[in-house]
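Below is one structure, written out as structure tokens; the observations come after it.
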Amino acid sequence: MVAVAEEKERFVRQLFDSITPRYDWFNRVSSFGMDQGWRARAIESVKLLPGMRVLDLASGTGDLAAAAAEKLAPLGRVAAFDLSYPMLNWGRRAMARHPLAAWHVSFAQGRAEALPFADRSFEALTCGFALRNVSDLDRTFSEMRRVLKVGGRFGILEFSRPRNPLLSAGHTVWLSTGIPALGWTLTGRFWPFVYLRRSIFQFPPPAEAVKRLERAGFREVEAIPLTGGVVILYTGTRR
């Protein structure tokens with residue numbers, strides 16, 4: 001089991017290291033621009049206030065981190081944390097587009113299953129489209145709870161499978177053919193986008209994810225469908 005987890009971690013790191021330069025562009029195009037609205041909903045869900053400390057888990061190139069930081073000035077801080085060093089490096093450079101936010105964001109690299117932060121360090125946690133990629137989901141949930149203060153909120157975005165049959169069929173076709181073709185066009189790579197479909201289908205359905213978050217020590221957990229259930233916004237509070 002440990003070997004399987006380590007193999008997935010190496011695979012995921014290699015995947016995101018390889019597509020870093022085109023990652024943001026791919027997100028915009030593949031979601032038809034809707035990804036920015038999804039991220040805005042996640043930021044809204046954690047009810048940020050100036051002065052808070054926020055962890056942006058699996059921060060990637062820092063879109064959520066920048067959006068959070070703009071709400072925390074003048075004293076708040078965002079820790080942008082990710083497995084991929086190239087992603088974080090790209091995010092650090094991209095912060096030049098967000099001069100207000102840049103002063104409030106720090107970057108750290110590591111594993112979501114072993115966060116390098118003290119207990120109860122943050123009032124809020126955000127995460128965008130990354131939980132499918134961790135090697136141990138329950139351990140990650142446990143670490144999320146550990147680093148959040150009592151009453152701290154999380155807002156997590158994850159892809160899902162729509163329940164409407166017609167929407168689900170179209171979504172499956174898009175994931176199976178459109179996404180790999182678009183990924184190849186933008187990055188010259190095919191395999192990361194084949195993995196995207198597989199990871200979405202393998203992730204626990206919303207009801208199961210909610211139960212696992214509750215078992216990890218969160219309350220008021222909700223799974224809120226966005227865009228017909230293509231995306232789920234998970235929200236909750238640390239007990």
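The values are calculated or read from the model by the stated rules, or taken from the named source; none is laboratory data. All values reported here derive from a predicted model rather than from experimental measurement. Note: ideal-geometry Cβ built from the backbone for every residue, glycine included; neighbour counts use all protein chains shown. With ligands, DNA and RNA removed, areas are computed over all heavy atoms of the protein, side chains included. Shrake-Rupley method; radii C 1.70, N 1.55, O 1.52, S 1.80 Å.
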For the chain, what does the helix formula give at 222 nm: sum of -39500 (n - 2.57) over DSSP H segments with n ≥ 4, over the residue count, nearest 500 deg cm²/dmol? -13500 deg cm²/dmol
Size of the range 1-138 as Cα extents on the principal axes (Å, biggest first): 44, 38, 25
Computed over the range 104-219, protein heavy atoms only, probe 1.4 angstrom, the accessible area per residue in square angstrom equals 45
For the chain, rounded, prolate or oblate, judged on the Cα gyration tensor with a ≥ b ≥ c (square roots of eigenvalues), a/c < 1.5 rounded, else prolate if a/b > b/c? rounded
Give a quick list of chymotrypsin sites (Phe, Trp or Tyr not before Pro) in the range 138-239 that DSSP marks as loop, anything other than H, G, I, E or B, with at most 15 other Cβ atoms within 10 Å. 190
Within the range 215-234, backbone nitrogen closer than 18 Å to the virtual label 7 Å beyond the Cα of residue 142 toward Cβ: 215-219
Mind checking which lysines have their C-alpha under 25 Å from residue 8, skipping anything on the same chain fewer than 8 residues away? 211
Compactness summary of the range 176-218: radius of gyration and Dmax from Cα atoms, Å, are 15.0, 43
Kindly work out what percent of the DSSP beta bridges joining two residues of the range 106-239 are antiparallel, to the nearest 5. 70
Quick calc of log₁₀ I(q)/I(0), the range 157-230, Debye, one scatterer on every Cα, no solvent, q values 0.11 1/Å, result -0.35
Measuring from centroid to centroid over Cα atoms, what is the spacing of the range 142-161 and the range 183-226 in Å? 14
Relative contact order (percent) for the chain, with alpha-carbon contacts under 8 angstrom and 6 or more residues of separation? 19
